[in-house]
1. Based on what the data block shows, is Ser81 closer than 15 Å to Glu36 by Cβ, within 16 Å of the chain's Cα centre (by Cα) and touching a residue at least 12 places away in the same chain (Cβ under 8 Å)?
2. Looking only at segment 115-134, count every residue that is surrounded by 14 or more Cβ atoms within 10 Å (Cβ to Cβ) and farther than 19 Å from Arg74 by Cβ and tell me the total.
3. Looking at Asp84, Asp107, can you tell me which residue is over 22 Å from Pro41 (Cα atoms) and among the acidic types (Asp, Glu)?
4. Can you find a residue in segment 91-113 that is among the polar types (S, T, N, Q), within 17 Å of the chain's Cα centre (by Cα) and under 25 Å from Val22 (Cβ atoms)?
5. Output the residues belonging to segment 93-104 that are in a strand (DSSP E or B), surrounded by fewer than 18 Cβ atoms within 10 Å (Cβ to Cβ) and either among the acidic types (Asp, Glu) or touching a residue at least 24 places away in the same chain (Cβ under 8 Å) (or both).
Amino acid sequence: MTDHDTNRRCDTYCTDTLFGTVNVVNEALLFSNTGEIEILPALPPGWDEGRVEGLMARTRIEVNVLSWNLADRRASVTLTSLVDDNRIRLKSGKAWTAALVDGRPVDAAPAEAAFSVPLLLQAGAEVNVEFVLT
């Protein structure tokens with residue numbers, strides 16, 4: 001953060017760096033674009049376990065909880081769509097061998113050189129997806 005022109009003209013306070021840092025951390029944990037969400041795309045070294053709540057994806061989906069534990073080989077995410085019939089592909093930035101949607105195994109679909117879990121979400125309904133990591 002910077003304080004521009006202190007005790008000079010207009011005492012402008014700049015928060016760009018502060019908000020930029022938060023965004024960098026959020027993007028390292030959750031990437032989203034139209035029709036896709038990727039959890040843990042750029043997990044920093046040493047962040048072997050963690051949890052974050054209340055992120056908003058660019059897919060009109062709230063990420064209620066994102067948690068991971070690399071020692072237990074698990075990553076999970078709880079999603080709530082803001083709109084009906086919201087079709088997305090959910091991916092993990094960490095390699096995985098199986099996925100469970102609300103506790104049930106699902107087949108992965110090829111998606112641009114990575115596998116993804118196809119989801120069709122309805123407004124207000126919570127969906128939990130758990131990845132079994134390699």
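1. Answer is yes for this residue.
2. From segment 115-134, those surrounded by 14 or more Cβ atoms within 10 Å (Cβ to Cβ) are 115-119, 121, 127-133; that's our starting set.
Keeping just the survivors that are farther than 19 Å from Arg74 by Cβ gives 118, 121.
Summing the residues that are surrounded by 14 or more Cβ atoms within 10 Å (Cβ to Cβ) and farther than 19 Å from Arg74 by Cβ in segment 115-134 gives 2.
3. Asp84
4. Yes, segment 91-113 has at least one match.
5. Thr97, Ala98, Leu100, Val101 - these are the residues of segment 93-104 that are in a strand (DSSP E or B), surrounded by fewer than 18 Cβ atoms within 10 Å (Cβ to Cβ) and either among the acidic types (Asp, Glu) or touching a residue at least 24 places away in the same chain (Cβ under 8 Å) (or both).
Results for (1) acidic (Asp, Glu); (2) surrounded by 19 or more Cβ atoms within 10 Å (Cβ to Cβ); (3) not in a strand (DSSP E or B), shown as yes or no for each residue.
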{"position": "Ala42", "(1), (2), (3)": "no, no, yes"}
{"position": "Trp47", "(1), (2), (3)": "no, no, yes"}
{"position": "Gly54", "(1), (2), (3)": "no, no, no"}
{"position": "Glu62", "(1), (2), (3)": "yes, no, no"}
{"position": "Val77", "(1), (2), (3)": "no, yes, no"}
{"position": "Thr80", "(1), (2), (3)": "no, no, no"}
{"position": "Lys91", "(1), (2), (3)": "no, yes, no"}
{"position": "Pro110", "(1), (2), (3)": "no, no, no"}
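Values quoted throughout were computed directly from the atomic coordinates according to the rules given, and no laboratory measurement underlies them. Please read these numbers as outputs of a predicted model, since none were measured by experiment. In this analysis, Cβ positions are derived from the backbone assuming ideal geometry, glycine residues included, and neighbour counts consider all displayed protein chains.
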